[in-house]
Amino acid sequence: MNLALLCLCLVWSQAALARTPIHTVRSGDTLGGIAKRYKITIDALCHANAISRTKPIRLKQQLRIPAPDDEGGKRARAERDRERAAEKDKDTDKKGAAKPQEKPAQAAAPSGVQVLELPGAGPLYYHEPTGPGRKNMRPVILYLHARGGSPKSDCQRWARVASDLGWVACPTGPEDRGGGKRGWDNTWYPGSQIAQKSIDALRAKFGRRVQLYGNTLVGFSEGAFVAMNVGVRQPRTFNRWLILSADTKYWGGPGLTELGKNHRQIRKVQLITGQDDGTHDATLTVERWLKQAKVSVRAITPAGMGHVLELEGRRALYRSALVWLNQ
């Protein structure tokens, strides 16, 4: 009897030792970084967890870490499949009917783009935060559209990229360009007022769930012109910027003067401009100006990309930029 009990304990202990370790995804983690940390390949990590290397990982997601000698993560994948099958069996009642699965937490979040009317300005389109912590205070990611942009459509596109990072807000430029298209009338000052009204309106409706300071400003093309001028003059509210197709002519003398005065309050700037974009060289000059001002800045210039917002085709590019800005 004692011998049998000893053997059983030995089997249990060996099974525990053989169990694949689990890594819980933290802010800033990437598949490459996790693989490097555990000295395994990205392909093995992806195979062990049945995920694609192009699909973003989620905060607090649990990933199995295959052993270095587990070729291609096959053993870890087999263990995962066995546990999934066992869990499925537990969820089946005596009649063999599967119990209804619980909806993920994200499904409980409001879906779709909503709208707020701003006093003295056009409508503000926004998407509430999704995922864990969505009811807590979250930052605002404010997107300023390009000339001829559609704020509502743009908000839907950005929400698919960034709604789990915070509030996605897309105000409307003052210039009516017909067919629902809007512009900024080649001036940044109304954009400054509209940006602040957007934060104030969200705060008034949702209270302390909306962060007042330290938010992220995003702008593309004419929206980049507005964003660079709003951000440099309102660095407390927007101290993180994602500027798409930055140009030196967007600042000029006054903008550089403001940069000199407020550079300490600007936390991070990410520049993205395609190599085939006419503003490519100017973007690199803007990067140099920011570095000279001691601002933490990164510039990415993708090959084969022109003056275009490729949110669907290059989703990971824009998302990784926003994740870095908000770390």
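Computed values, structure above
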{"read-out": "Residue that is at pLDDT below 95, in the same structural domain as ALA246 (by TED's automatic domain parsing) and loosely packed, with under 13 Cβ neighbours inside 10 Å, where the choices are PRO104, PRO119", "value": "PRO119"}
{"read-out": "Lone unmet requirement of (1) within 20 Å of LEU317 (Cα to Cα); (2) surrounded by 15 or more Cβ atoms within 10 Å (Cβ to Cβ) for GLY32", "value": "(2)"}
{"read-out": "Every pair of residues 6+ apart whose Cβ atoms lie under 6 Å, when the first sits in the range 274-300 and is under 14 Å from LEU256 (Cβ atoms) while the second is assigned to a loop (DSSP other than H, G, I, E, B)", "value": "ALA282/ASP247; VAL286/ALA246; VAL295/ILE266"}
{"read-out": "Of all residues making up the range 263-308, the number that are under 21 Å from the mean Cα position of the chain (by Cα) and either among the acidic types (Asp, Glu) or outside any loop (DSSP other than H, G, I, E, B) (or both)", "value": "10"}
{"read-out": "Of all residues in the range 225-262 being farther than 22 Å from GLN327 by Cα and under 21 Å from the mean Cα position of the chain (by Cα), the one that is surrounded by the most Cβ atoms within 10 Å (Cβ to Cβ)", "value": "ALA246"}
{"read-out": "Selection within the range 241-256 - on the phi > 0 side of the Ramachandran plot and modelled with pLDDT under 95", "value": "GLY252"}
{"read-out": "Residue satisfying condition, being farther than 24 Å from PRO56 by Cβ, of a type outside the set (Ser, Thr, Tyr) and either assigned to a loop (DSSP other than H, G, I, E, B) or assigned by TED's automatic domain parsing to the domain that holds PRO302 (or both), within set ARG240, ARG208", "value": "ARG208"}
{"read-out": "Among the candidates LYS74, LYS60, residue that is over 23 Å from ARG160 (Cβ atoms) and either part of a helix (DSSP H, G or I) or within 23 Å of the chain's Cα centre (by Cα) (or both)", "value": "LYS74"}
{"read-out": "Cβ pairs under 8 Å, 6+ apart, first in the range 301-327 and acidic (Asp, Glu), second assigned to a helix (DSSP H, G or I) and modelled with pLDDT of 95 or more", "value": "GLU310/LEU317; GLU312/ARG157"}
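The values are calculated or read from the model by the stated rules, or taken from the named source; none is laboratory data. As the structure is a computational prediction, the values presented were derived from the model and not from experiment. Cβ coordinates were reconstructed from backbone atoms using ideal geometry, including for glycine residues, and neighbour counts include every protein chain displayed.
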